[in-house]
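Worksheet for the structure shown next.
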Amino acid sequence: MQDAPTDSAFDVPPLQAIRARRQRAGECAVSGTTLQIVGESLRQALDIQPGERVLDAACVEGRLPYPDGTFDAVVSTFAIMSAPDRELAAAELLRMCRPGGRIGLACWTPEGFVGRLLGIVGRHVALPPGIPDVRRWGAQAELRRMFGGASVDGALRHFAFRYRSATHWIDVFRGVDGPVLTALDTLDTAERVALNADIMALVGRFDMSGSQSVVVPAEYFEAVIVRR
């Protein structure tokens, strides 16, 4: 599996600003390790075979230096959702995938825990310029529109966040989750307290642990897109 390289030709000021915010938004390895099982499920859904060429596209921000149809499969787990240009990102995934190849995406749904969390953050602070509403990637109808004539199939799945308490969950994810950290950076003390209270209440509504710990099922759409 190859990681998508950075294309310096697209380091225009808006993208530089977005990248800077993401770098400040925490350590990707923390969230990546936490969500590793989602990637394994996506690999199974794509039925990736030995010898196939697979690209981990992560968050495509511009044209990548690969010829058309280079890869048998192109994947992204909760990363492509943050691409500043949704249409360009979808077009690049299609371009790099060979005809008959598969694109696999894991995207939080608007109705699930993370989608609702982002909705709460959005009520407290407006999205900065260039930051898209990531929740649209989790709607199957929207994926069908973005990927045009490609076949879009998939299933709703759940990932369970497991932490010692709601406070522990917030402490961890405000250090690795971009939208939450961006919101906290722009709020005064009273507004931060209000945001924190709303997030705690959301965790409480979704928590299925029945104990002092926290088990929060987060719905996501596991999409398998076949290029025609």
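In this structure, VAL121 does not qualify as in contact with a Ser or Thr (Cβ under 6 Å, 6 or more places away or on another chain) and in contact (Cβ under 8 Å) with a residue 40 or more places away in the chain.
For the subset of segment 61-88 comprising residues that are within 15 Å of ALA223 (Cα to Cα) and under 16 Å from the mean Cα position of the chain (by Cα), which member is surrounded by the most Cβ atoms within 10 Å (Cβ to Cβ)? Lay out the reasoning, then the answer.
Our first condition is that a residue be within 15 Å of ALA223 (Cα to Cα); within segment 61-88, this holds for 73-81.
If we keep only those that are under 16 Å from the mean Cα position of the chain (by Cα) as well, we get 74-81.
On the way: VAL74: 30, VAL75: 25, SER76: 27, THR77: 24, PHE78: 23, ALA79: 21, ILE80: 24, MET81: 22.
Checking each candidate, the answer is VAL74.
On the stretch given as segment 94-127, residues that are under 24 Å from LEU35 (Cβ atoms) and touching a helix residue (DSSP H, G or I) at 6+ places or on another chain (Cβ under 7 Å) total 16. The set of residues from segment 210-228 being touching a Lys or Arg at 6+ places or on another chain (Cβ under 8 Å) and small (Gly, Ala, Ser) comprises just one member, SER213.
If you check ARG123 against the conditions, is it within 20 Å of PRO84 (Cα to Cα), assigned to a helix (DSSP H, G or I) and modelled with pLDDT of 85 or more? So ARG123 fails the test. Among the residues of segment 43-60, those identified as within 18 Å of the chain's Cα centre (by Cα) and not in a helix (DSSP H, G or I) are LEU55, ASP56, ALA57, ALA58, CYS59, VAL60.
Restricting the search to segment 89-99, which residues are touching a strand residue (DSSP E or B) at 6+ places or on another chain (Cβ under 7 Å) and surrounded by fewer than 17 Cβ atoms within 10 Å (Cβ to Cβ)? Within segment 89-99, ARG98 is the sole residue that qualifies.
Inspection of segment 91-103 identifies at least one residue that is assigned to a strand (DSSP E or B) and among the charged types (D, E, K, R).
Do we have ARG162 as part of a helix (DSSP H, G or I) and either surrounded by fewer than 18 Cβ atoms within 10 Å (Cβ to Cβ) or modelled with pLDDT of 90 or more (or both) here?
On the way: part of a helix (DSSP H, G or I): no; either surrounded by fewer than 18 Cβ atoms within 10 Å (Cβ to Cβ) or modelled with pLDDT of 90 or more (or both): yes.
So ARG162 fails the test.
The values are calculated or read from the model by the stated rules, or taken from the named source; none is laboratory data. A quick note: this is a predicted structure, and the numbers were derived from the prediction, not measured. Because the Cβ atoms are built from the backbone with ideal geometry, glycine has one as well, and the counts that use them run over all protein chains shown.
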